[in-house]
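Worksheet for the structure shown next.
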Amino acid sequence: MSLPTIVFLLLAFPILSTNPLGAEGYDPISPPEAYRQSLLNGMEILFLTRSDERVPFVFMIKNGAVFDPIEKWGITYLTTLMIFEQRENLREVQIQRGLQELNADLNFGVEGDAIYFFGSTPREHLVDTLNLLAEMVVRPVFNEEDFQQTRQRVILEIEVEQQHLGMVSQDLFLAELFQVNPYAHSVRGTTESLSNLSLGDVRTQYRKLFMPNQAQLAVYHSGDRNEIFSALSRHWGSWIRRNPLSFTFRQARPPPKQRLKLLDWPSGESLFRWGSLGVERGSRDYYALKVFQQYLTLCLPTWATQVASRNQIQASSELEAGRMPGFLQLNVQAPPHQLIAYYQKFEVLAKELQEGQIDDQKFEEAKRLAYLEMTDSLSEPLSALYQLLETGLYNVGINYLTNYGLRLERVTLETFQNAVRKYVSLEHSVLVVVGPVQYLRAELARIGKGETPR
């Protein structure tokens with residue numbers, strides 16, 4: 001999953017040009033050149049050369065929120081947050097002061113599959129910044145007072161998020177789609193699951209997930225690589241390796257029929273989220289689904305013109321593919337009297353594509369947009385580090401980047417149609433509709449849809 005995110009946002013798409021993006025080929029992509037060195041404890045450091053004044057870095061743990069125990073959802077996020085904040089009196093002040101004096105910035109992200117610390121620093125302060133990060137990660141201090149304060153703050157943040165229909169609808173969508181699979185749960189957990197946690201749970205989760213033989217650090221540098229490696233080894237090398245957990249979870253299954261969930265929202269806002277189970281990152285069908293995602297995006301402005309006579313639509317199409325199969329998703333936010341009309345547009349499109357009624361020009365443009373999305377990502381230094389690390393996280397190898405364009409080019413109309421038939425199934429999907437429930441229930445009944453019983 002591209003950059004670390006813990007929320008899903010709806011985006012506004014203006015009317016797009018219908019002109020194709022040009023006929024040039026899908027050139028092989030040159031991935032960032034990285035020199036890999038490993039510490040004796042198994043931690044791997046990837047060195048990339050860059051001479052900018054500020055250089056980004058990404059530290060990744062190949063364990064994530066999928067390892068949250070049942071009824072303790074959010075423990076990985078809470079543990080990572082406590083490591084990040086390090087509220088142990090003077091020690092915290094020293095670390096934060098160190099980052100400020102070094103003019104370094106640092107952030108973190110938690111996903112289902114991985115944990116990230118990332119940021120940037122002046123190139124001359126790279127070693128000092130990363131050694132401060134080592135102090136936080138390798139030797140964290142967890143105490144009861146910090147635990148109580150941090151847990152309560154996250155609970156309050158979740159309570160605030162429950163006032164936003166986008167957050168609430170996404171949580172419901174994931175729960176309905178993934179059911180018993182751990183991707184069903186928000187990485188931040190719920191107010192109930194967080195209330196079940198103790199300081200002992202934090203310490204246990206740290207020992208289970210944070211280990212050097214499951215860690216990679218990707219950094220840009222412009223100095224002597226061996227000298228930097230030696231300086232980092234003194235701080236990161238004391239981290240003790242442990243046996244990693246087995247990545248084995250119950251598989252999500254497509255719904256036997258469409259699950260329709262209605263959620264009352266009295267503010268006058270309304271949206272729907274449609275989605276179905278997708279593929280893992282290493283699947284050969286991933287590329288056809290990337291093309292479908294872009295094809296769907298290209299259709300949105302036309303729908304806005306037809307439904308609302310406007311030049312914008314507040315919507316997004318998503319494709320998430322992780323170590324396990326992820327999901328396809330279409331999100332549309334619109335006035336209640338227009339919302340179901342947008343869903344009908346999507347139903348018509350899905351059926352047309354399954355029958356082979358594919359717009360050749362839009363298909364080629366969608367392929368090109370998928371290619372440009374990757375090349376643009378690799379041209380941005382921090383994003384390129386993520387792309388590089390994720391080739392290992394998802395076990396796809398560096399050729400995933402090198403041959404990305406070639407594999408997109410090999411997506412034919414036939415393979416595209418087959419992928420849509422297989423994964424864009426209206427019958428085996430989840431539809432979450434949020435808004436004035438009485439009105440929307442009647443609108444859905446008009447097109448033959450009834451709410452799935454609890």
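The values are calculated or read from the model by the stated rules, or taken from the named source; none is laboratory data. If you're wondering where the values come from, they're calculated on a predicted model, not measured in any experiment. Note: ideal-geometry Cβ built from the backbone for every residue, glycine included; neighbour counts use all protein chains shown.
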Given (1) surrounded by fewer than 23 Cβ atoms within 10 Å (Cβ to Cβ); (2) closer than 28 Å to Glu409 by Cβ, where does Val348 come up short, assuming only one miss? (2)
I need the strands (runs of 3 or more DSSP E) fully contained in segment 1-52, keeping only those with at least 1 residues that are modelled with pLDDT of 90 or more, over 20 Å from Asp376 (Cα atoms) and not charged (D, E, K, R). 35-38, 44-49
Taking the condition of being small (Gly, Ala, Ser) and either surrounded by 20 or more Cβ atoms within 10 Å (Cβ to Cβ) or in the same structural domain as Leu260 (by TED's automatic domain parsing) (or both), how many residues in segment 147-199 meet it? 4
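Anything in segment 220-244 that is part of a loop (DSSP other than H, G, I, E, B) and of a type in the set (A, V, I, L, M)? List them, or say none.
To start, the set of residues in segment 220-244 that are part of a loop (DSSP other than H, G, I, E, B) comprises 222-224, 237-244.
If the condition is that a residue be part of a loop (DSSP other than H, G, I, E, B) and of a type in the set (A, V, I, L, M), then Ile240 is the only one that fits.
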For Leu78, only one of the following conditions fails: (1) over 15 Å from Tyr206 (Cα atoms); (2) crowded, with 18+ Cβ neighbours inside 10 Å. What is its number? (1)
Candidate set from segment 241-294 (those that are farther than 30 Å from Met43 by Cβ and of a type in the set (Ser, Thr, Tyr)); member that is surrounded by the fewest Cβ atoms within 10 Å (Cβ to Cβ): Ser267
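For segment 345-381, enumerate the residues that are out of contact with any helix residue (DSSP H, G or I) (no Cβ under 9 Å at 6 or more places or on another chain) and closer than 27 Å to Ser309 by Cβ. Reasoning before the result, please.
Let us first name the residues in segment 345-381 that are out of contact with any helix residue (DSSP H, G or I) (no Cβ under 9 Å at 6 or more places or on another chain), namely 347-348, 351-352, 361, 364, 372, 379-381.
Selection gives Glu347, Val348, Lys351, Glu352, Gln361.
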I'd like to know if segment 124-145 contains one or more residues that are under 30 Å from His221 (Cα atoms), buried (at least 21 other Cβ atoms within 10 Å of the Cβ) and of a type outside the set (A, V, I, L, M). yes
Odd one out for Val332, checked against (1) under 29 Å from Arg253 (Cα atoms); (2) surrounded by fewer than 17 Cβ atoms within 10 Å (Cβ to Cβ): (2)
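Within segment 212-233, how many residues are of a type in the set (A, V, I, L, M) and under 12 Å from Gly42 (Cα atoms)? Explain how you work it out, then say what you get.
Here is the first cut: in segment 212-233, the residues of a type in the set (A, V, I, L, M) are 215, 217-219, 228, 231-232.
Now drop any that are not under 12 Å from Gly42 (Cα atoms), which leaves 215, 217.
Qualifying residue count for the region: 2.
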Can you pull out the residues in segment 301-317 that are surrounded by fewer than 17 Cβ atoms within 10 Å (Cβ to Cβ) and not basic (Lys, Arg)? Thr302, Thr305, Gln306, Ala308, Ser309, Asn311, Gln312, Gln314
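Is segment 263-280 home to any residue that is over 27 Å from Gly450 (Cα atoms), assigned to a loop (DSSP other than H, G, I, E, B) and either assigned by TED's automatic domain parsing to the domain that holds Val332 or in contact with a strand residue (DSSP E or B) (Cβ under 7 Å, 6 or more places away or on another chain) (or both)? Outline the logic, then answer.
Here is the first cut: in segment 263-280, the ones over 27 Å from Gly450 (Cα atoms) are 279-280.
So of that shortlist, the ones also assigned to a loop (DSSP other than H, G, I, E, B) come out as 279-280.
When the remaining residues are screened for being either assigned by TED's automatic domain parsing to the domain that holds Val332 or in contact with a strand residue (DSSP E or B) (Cβ under 7 Å, 6 or more places away or on another chain) (or both), the result is 279-280.
Looking through segment 263-280, at least one residue is over 27 Å from Gly450 (Cα atoms), assigned to a loop (DSSP other than H, G, I, E, B) and either assigned by TED's automatic domain parsing to the domain that holds Val332 or in contact with a strand residue (DSSP E or B) (Cβ under 7 Å, 6 or more places away or on another chain) (or both).
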In this structure, does Thr80 turn out to be free of Cβ contacts under 8 Å to residues at least 40 places away in the same chain and closer than 22 Å to Pro212 by Cβ? yes
Could you list all residues from segment 22-48 that are over 27 Å from the mean Cα position of the chain (by Cα) and farther than 18 Å from Thr391 by Cβ? Gly22, Ala23, Glu24, Gly25, Leu39, Leu40, Asn41
Within segment 53-84, considering residues that are of a type in the set (Phe, Trp, Tyr) and assigned to a helix (DSSP H, G or I), the one modelled with the lowest pLDDT: Phe84
Helices (runs of 4 or more DSSP H) enclosed by segment 319-432 - at least 1 residues per element that are touching a strand residue (DSSP E or B) at 6+ places or on another chain (Cβ under 9 Å) and touching a residue at least 60 places away in the same chain (Cβ under 8 Å): 336-354, 381-393, 413-423
Of the residues that make up segment 113-124, is at least one free of Cβ contacts under 8 Å to residues at least 40 places away in the same chain, over 25 Å from Thr204 (Cβ atoms) and not assigned by TED's automatic domain parsing to the domain that holds Tyr394? yes
Residues of segment 187-216 satisfying the condition of being touching a Gly at 6+ places or on another chain (Cβ under 8 Å) and hydroxyl-bearing (Ser, Thr, Tyr): Thr190, Ser193
State which residue pairs qualify: first residue within 21 Å of Arg139 (Cα to Cα) and in contact (Cβ under 8 Å) with a residue 60 or more places away in the chain and inside segment 235-251, second residue of a type in the set (S, T, N, Q) and not in a loop (DSSP other than H, G, I, E, B) in any location, beta carbons under 7 Å apart, and separation of 6 or more residues or different chains. His235/Asn131; Arg241/Asn213; Pro244/Asn213; Pro244/Gln214
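Please verify whether segment 97-109 includes one or more residues that are more than 21 Å from the chain's Cα centre (by Cα), among the small types (Gly, Ala, Ser) and buried (at least 17 other Cβ atoms within 10 Å of the Cβ). I'd like the intermediate steps shown before the answer.
Taking segment 97-109 and keeping what is more than 21 Å from the chain's Cα centre (by Cα), we get 97-105.
Okay, now just the ones that are also among the small types (Gly, Ala, Ser), so 98, 104.
After this cut, where a residue has to be buried (at least 17 other Cβ atoms within 10 Å of the Cβ) as well, the list is 104.
Yes, segment 97-109 has at least one match.
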The one condition Phe247 fails out of (1) not in a loop (DSSP other than H, G, I, E, B); (2) not assigned by TED's automatic domain parsing to the domain that holds Ala175 is (1)
